[in-house]
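So the structure is just underneath, and the comments pick up after that.
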Amino acid sequence: MDYIRTRLKMFNTLGSTNRFTISAFTLICVCFMYTSIVLGVPDNKKVEVEKQQAEERVLDASNRAVTQHTLTTADKTLEYFATAASLTITDKEAKPVSRIFYISYTADEQHDYPRPVTFVFNGGPGAASAYLHMGALGPKRVEFSDDGKVLHMPARLLDNSKSWLSFTDLVFVDPVGTGYSREIKDDTENNKGRKLRPSKEKSIGKYAWGVVEDTDSLARFIRTYLTKEERWLSPIFLAGESYGGFRVARLSKLLQSDFGIVPSGLVLISPAIDFGLLWGSERSLWPWVALLPSYTAVAAFHERSDMITYKADNPRVSLGEVERFALSEYLTGLAGGDLLPDWIEQSSNMMGLHADILHRWAGRVPPARFAKALLSDQRRLVSLYDGSIKLVDSDPARQMLAGGDPYLDRLNAPVTAAFNTYVRDHLDFKTELPYLLLNEEVFKSWNWWSGIQGQQGFAEAVADLKQAMCINPHMQVLIIHGVFDLVTPYYATWITIKQMDLDPEISDNI
């Protein structure tokens, strides 16, 4: 499944501008053209050099902004401090390798016990934390319509009365290569020209762009933060969305085994915890089984399938029979390779697609095809991230969704604009670095091999999650999905949990 590839097709780093900036930029352009003419430097080469220099800049470690604010929730008014800053992360030889940007919120409350602190990550890999920050959990959020759709620009910021700050301090973390977080380049003679692109060696390298490397980098950030802010005795929680959920599952084990940090609980939001159930070929079985209930939910929502009576207040009850069919007739039909009318017809009715489409794809309809086919007669497509949302199809003649999800395009603009305004005007944090909301280069360079045990297979975090739960039998795990999600379908996680074979002593903790 093209889960993360789709997530990373959009990359928006637009910042706020004013008349002075525009004028200054114009002057720079004039000087640049003059220099190029006089010195004979090709324009494209000059631009490439400037781009590389911009990418290699890192935040000044002393650039730290602390501001005080008030949040009104349903039951109280909360005074809190916001800190926008970065921490220098060192490797095992105590050598600085990166500077990770974060925004933390700490409530100004007096208790006999320490307030919990929750570290929050988005996914990708290559996504900054602004999605969860500005979209759901922070004290300020972007305004959306009542049904969750993006409103017309310009973006608007609202007080978030449902912010998690009401019950936990929050630390929104941008992994290296996202947000304002950057690698610290090694300029020594032996390392000149080194790129943040790890090889396919299955070992912990110096880079942060890989499964093991990323986990190690973020674990070191958490340890550094707890030390600097004197929070070692606070209850620690980890929350992550999509690949962020993958991060959280792996961190839960590494923090305990190598760093002496014991999480009290995990929150995995639409997580990808086993890519073997998300990515597959034409002969795979589990990715397609995992998708069938979500396909059916989307089809029923748009009234393209009457196989279920969809109940918004309890969707799993609505989909119970579909889940049973997915693990029986549909699974055996795929495995047997016989495109018999019984399971093909029933599957097509559930998906709301013509049986010819299932025959053409041998029962395995990719999300990029489903998104285009379901409402093609209306010249509409559905979003991969929330199939209940339909969008105008800009290229109805094309059979497959290409170039990324249009809804993500629409979402990135208000999140980027809102964050750039918020961090400068509300948090008083100033920098000329571009905020990288989605950095496609991170995914392109990602070292998936470092997360694979053995010579073949897919990266997974299930083994780490199980070990972490066994080490700490008190740790609670909450996993949340939307039934319309076609990127990280909920049923993949349900199947994964059933395959974990958890001991009865801890099975109820998840």
For the condition modelled with pLDDT under 95, within 30 Å of His69 (Cβ to Cβ) and not charged (D, E, K, R), what is the one hit in Leu427, Leu478, Leu438? Leu438
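In segment 362-411, what residues are part of a strand (DSSP E or B), under 28 Å from Leu331 (Cα atoms) and either open to solvent by 60 Å² or more (accessible area, probe 1.4 Å) or not aliphatic (A, V, I, L, M) (or both)? Even if it seems obvious, please write down each step before you answer.
Initial filter on segment 362-411 (part of a strand (DSSP E or B)): 380-382, 390-392.
Narrowing the set further to residues that are under 28 Å from Leu331 (Cα atoms) leaves 381-382.
Correct list: empty.
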Within segment 255-269, the residues that are crowded, with 22+ Cβ neighbours inside 10 Å and either of a type in the set (S, T, N, Q) or touching a Ser or Thr at 6+ places or on another chain (Cβ under 7 Å) (or both) are Pro263, Leu266
Looking at Ala239 and the list (1) at pLDDT 95 or above; (2) surrounded by fewer than 16 Cβ atoms within 10 Å (Cβ to Cβ), which single condition is not satisfied? (2)
Name the residue, out of Asp501, Asp508, Asp485, that is part of a loop (DSSP other than H, G, I, E, B) and surrounded by fewer than 19 Cβ atoms within 10 Å (Cβ to Cβ). Asp501
Scan of segment 270-286 for residues that are open to solvent by less than 10 Å² (accessible area, probe 1.4 Å) and not in a helix (DSSP H, G or I), ordered by number: Pro271, Ala272, Ile273, Leu278
Taking the stated definitions as given, is Asp428 under 30 Å from Ile100 (Cα atoms), over 22 Å from the mean Cα position of the chain (by Cα) and surrounded by fewer than 14 Cβ atoms within 10 Å (Cβ to Cβ)? yes
Find all pairs meeting these conditions: Cβ atoms under 7 angstrom apart; at least six residues apart or on different chains; first residue within segment 93-120 and part of a loop (DSSP other than H, G, I, E, B) and among the basic types (Lys, Arg); second residue open to solvent by 50 Å² or more (accessible area, probe 1.4 Å) and at pLDDT below 90. Arg115/Glu109
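Name the single residue that is farthest from Asp108 (Cα to Cα) among those in segment 56-69 being part of a strand (DSSP E or B) and open to solvent by less than 70 Å² (accessible area, probe 1.4 Å).
Among residues in segment 56-69 that are part of a strand (DSSP E or B) and open to solvent by less than 70 Å² (accessible area, probe 1.4 Å), the one farthest from Asp108 (Cα to Cα) is Ala65.
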When you check Glu441 against the structure, is it open to solvent by 50 Å² or more (accessible area, probe 1.4 Å) and assigned to a helix (DSSP H, G or I), yes or no? yes
Checking the structure you have, find out if any residue of segment 244-251 is more than 21 Å from Val176 (Cβ to Cβ) and either modelled with pLDDT under 95 or buried (at least 18 other Cβ atoms within 10 Å of the Cβ) (or both). no
Given the condition open to solvent by 10 Å² or more (accessible area, probe 1.4 Å), without any contact (Cβ under 8 Å) to a residue 40 or more places away in the chain and not small (Gly, Ala, Ser), answer yes or no: does some residue in segment 416-424 qualify? no
Filter segment 121-163 for residues that are assigned to a loop (DSSP other than H, G, I, E, B), open to solvent by 10 Å² or more (accessible area, probe 1.4 Å) and among the hydrophobic types (A, V, I, L, M, F, W, C); which is nearest to Thr421 (Cα to Cα)? Ala155
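Which of the helices (runs of 4 or more DSSP H) found entirely inside segment 287-358 contain at least 3 residues meeting this: within 19 Å of Ala371 (Cβ to Cβ) and either open to solvent by less than 10 Å² (accessible area, probe 1.4 Å) or hydrophobic (A, V, I, L, M, F, W, C) (or both)? Explain how you work it out, then say what you get.
Numbers: elements: 315-318, 320-325, 331-336, 341-351.
Helices (runs of 4 or more DSSP H) meeting the threshold: 341-351.
Within segment 89-105, is even one residue under 27 Å from the mean Cα position of the chain (by Cα), under 22 Å from Val120 (Cβ atoms) and open to solvent by 70 Å² or more (accessible area, probe 1.4 Å)?
Taking segment 89-105 first, the residues under 27 Å from the mean Cα position of the chain (by Cα) are 89-91, 96-105.
Subsequent filtering for residues that are under 22 Å from Val120 (Cβ atoms) retains 89, 98-105.
Checking the rest, the ones that are also open to solvent by 70 Å² or more (accessible area, probe 1.4 Å) come to none.
Looking for residues that are under 27 Å from the mean Cα position of the chain (by Cα), under 22 Å from Val120 (Cβ atoms) and open to solvent by 70 Å² or more (accessible area, probe 1.4 Å), one finds none in segment 89-105, hence no.
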If we keep just the residues of segment 204-230 that are modelled with pLDDT of 95 or more and among the basic types (Lys, Arg), which is least open to solvent (accessible area, probe 1.4 Å)? Arg220
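The values are calculated or read from the model by the stated rules, or taken from the named source; none is laboratory data. Everything numeric here is computed off the predicted structure, so don't read it as measured data. A quick note on method: Cβ atoms are made from the backbone with ideal geometry, for glycine too, and the neighbour counts reach across all protein chains shown. The protein model used for the area step is the full one, side chains on, heavy atoms only, and it has no ligands, DNA or RNA in it. Shrake-Rupley method; radii C 1.70, N 1.55, O 1.52, S 1.80 Å.
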